[in-house]
Each structure stands twice: as structure tokens, then as C-alpha cells.
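The values are calculated or read from the model by the stated rules, or taken from the named source; none is laboratory data. Everything numeric here is computed off the predicted structure, so don't read it as measured data. Virtual Cβ from ideal backbone geometry, glycine too; neighbours counted across all protein chains shown. Just the protein is used for accessible areas: all its heavy atoms, side chains included, with ligands, DNA and RNA removed. Shrake-Rupley method; radii C 1.70, N 1.55, O 1.52, S 1.80 Å.
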Amino acid sequence: MNSKRLIDEFLYSMQYAYSRDIKTIDAYKTALEEMQQYMFKGKDITVEDLKNVYADDFLIKWLKVKQNDKEKPLKASSLNQRISCIRSLYKWLIGRGELNLDVSKSIPTFKNTTHETKEALTKEECWKLLDIAEEEVNKNENYNTLRDLLICKLFLGCGIRISEVAGLNISCFDLDNMQLNLSNTKFNKFRSVTLPSEVIYTFTKFLAYRNDKYSHLDESMHDVLLISKKFNRLSDDQIRLDVYRLIKLCNFDKKITPHSLRHTYGTLLLESGNSLEEVAKEMGYSNVNTLINLREK
């Protein structure tokens, strides 16, 4: 099996057999192309090559080099993403019977020592953010102001990811049972979360503007909730920009990102007495350990 075939078969299998999302597939592709460049000097990678490398090789020849790059150093999260890719590759090859030894398990992950830990909002700060978003609605109620308010409420009231917000369809909202049904999730596993009445109220108001503004949409877009100016599904990046704008208006004295709002949801659930297992299920985490740092705060 040559390099291209090995890489292509791995990516194909990850996407269609193991249901990895397209962002993960793109990240895997970047990691594998880098690995080929740094560890094998651009030559084709074979299974035999992987049988003759060790954890130290990955660190010395590739990951440490990228970490210490003076022009474009990689963050710990980016380095760990590459390690995750290598672990998935080895696990896949072992499952196919092409490798027996998994050296990827011996590659240590990188600790984030240069960037601030993401902080959660207090209840008072949550209300401040929502108040600012609602003030904009009160001044000029329209599609955009209601959209931004709904996005904030979805983060804080349902704890869903940015990609899950972008992937929402109108049919995801089960108002009779007060449930939000999610199928476009990180791990492509269906889950339902509770819809608070405040989210339902804003969703209903927003939907009237959305249906009026985009009444002549192409049939393929009829069910899409959040729509861009170019009549596409609103992107993750645009959602980030919209939320960042509102966060900036709050003048918080700590670093807050759009993902902090999801982080806040999990923190508040834990503070309310919910177990780690319950919160992990609600937020769509595959591993309870992801929530440990929330409980320790």
C-alpha cells in the first residue's frame, strides 16, 4: 500500500465507516501530509515505514519542530490534534491486522502553558450578555438582532457547540415536547437536549422574521434555520463573529470566547447538582473526563 492509497483509505474509512465529521477529516489530512514531510522527507509512506518508527521519532522529527518553529509555532491544542490523528491511524491499521505494536500510545500530549484557561461566565454575567442582546432587539427588532439573541440563548440555555448551532434546522425544534433534536453533532450521534421556554419564545419570534425574509428560498434551504446574506447556511466563523461582537460590548474583565458560553452551560449544570455522567450526556461528550476540569473550578 503506497502513501496516497494508505492516507486516502484511512480518510475514507474515518469519514464513512467511523462517521468522523468533515472538519476532523481535513485536520487528519493536514496532519498526515505534515508527517510525510517532516518524518519521511516527502516520500511515500508505507506500513513498513510505520513499523520502524518510535514515539521519540514523532516528537523529535516532527511535533517538537512544529512547537519550536520561530515563524509559525503550533499551540498545544494543534499539536495534540496531530497526536490524535496518529493514534487513530495506528488503531485503524491494527484493526486491519497490518500492525501489531501501537507506538502512538507512548506519545505524550502537550500541555497548554502559554494561554489562559477558558473561563465560564457567572450567572450575573450571563444575564448581562443576554440583556445587551435583548437591548439591540428592543431598539430595532429584525432578523439580525433576533438571530444574535437566539444564538446566545442556544449556547447558554442548551449548551450546544458552534457547529451544532450552524447545523440547526427548523425541524430540530420539537416545541410540543420542549426538546431540541440534534443529528449534526461532532460524533454524528443523535441526542436531544431540553429547550428552555426562553429559547422557545425567541425561536418563535425569530422564525416569523426568517420565514418572511427568506420566503423564496431554494427548496434545499427551506428547513435551514440560520441563513447568510448569500443564501447559504450561516457559517461557524460568522456565528463566532456575531457572538464576539456582543461579548465585546459587555466589557468583561476576563477572557471570554463563544465556546465559553457552552463551557458556562456545563459549569452551571454541575453547580446545580447534576452528575458528571448526566452533564456529559446532555452536552454530547464521549468521555466524562472532559468535564473534570469544570468540576474542579
Probe 1.4 Å, heavy atoms of protein chains only: per residue, the accessible area of segment 8-118 in Å² is 62
Taking a ≥ b ≥ c as the square roots of the eigenvalues of the Cα gyration tensor, with a/c under 1.5 meaning rounded and otherwise prolate when a/b exceeds b/c and oblate if not, segment 1-69 is oblate
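Which shape class applies to segment 160-253: rounded if a/c is under 1.5, otherwise prolate when a/b exceeds b/c and oblate if not, where a ≥ b ≥ c are the square roots of the Cα gyration tensor eigenvalues?
Rounded, because the longest to shortest axis ratio a/c is under 1.5.
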The answer for trypsin sites (Lys or Arg not before Pro) in segment 199-238 that fall in a DSSP coil and have at most 13 neighbouring Cβ atoms within 10 Å is K229, K230
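Set the Förster distance to 35 Å, then compute FRET efficiency between N251 and Y143 from the Cβ-Cβ distance, nearest 0.05.
Computed FRET efficiency for N251 and Y143 comes out at 0.85.
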As straight-line cross-link partners of K43, the qualifying aspartates and glutamates (C-alpha separation under 18 Å, not fewer than 8 residues apart within one chain) are D8, E9, E33, E34, D57
GNM of the chain, Cα pairs under 10 angstrom: of I83, I94, I132, the biggest fluctuation goes to I94
One finds, for T194 and K91 with R0 = 35 angstrom and r their Cβ-Cβ distance, a FRET efficiency to the nearest 0.05 of 0.50
Stretched fully, the stretch from K111 through T30 gains (0.36 nm per residue minus C-alpha distance, one decimal, in nm) 27.0 nm
The distance between the Cα centres of segment 185-262 and segment 4-48, in whole Å, is 32
With a 1.4 angstrom probe the carbon and sulfur portion of accessible area for the chain, in percent, totals 48
Helix 76-95: inclination vs the chain longest Cα principal axis, degrees, rounded to 10, gives 60
If every Lys and Arg gets +1 and every Asp and Glu gets -1 at its Cβ, then about the Cα centre segment 97-255 yields a dipole, in debye to the nearest 20, of 380
Residue separation between K70 and K128 times 0.36 nm, minus their alpha-carbon distance, gives in nm 16.9 nm
Given (1) 22.0, 66; (2) 18.9, 62; (3) 19.8, 56 as possible values of Rg and Dmax of the Cα atoms in Å, the one from the coordinates is (1)
Label model pair K41, Y244: point-to-point distance (7 angstrom along the Cα→beta-carbon line) in nm is 4.2
Two pseudo-spin positions, 7 Å from Cα along C-beta at Q179 and at Y16, lie apart in nanometres by 3.2
Between I227 and residues 5 or more places away or on another chain, the pairs with built amide H atoms under 5 Å apart involve L234
Toy charge model, Lys and Arg Cβ at +1, Asp and Glu Cβ at -1: the chain dipole around Cα centroid in debye, rounded to 20, equals 880
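Quick one: which of K29/K111; K75/K229; K41/K75; K29/K153; K75/K230 span more than 28 angstrom between C-alpha atoms? Provide the component values of the computation, followed by the final result.
Details: K29/K111 23 Å; K75/K229 33 Å; K41/K75 23 Å; K29/K153 35 Å; K75/K230 33 Å.
Cα-Cα > 28 Å for K75/K229; K29/K153; K75/K230; rest within.
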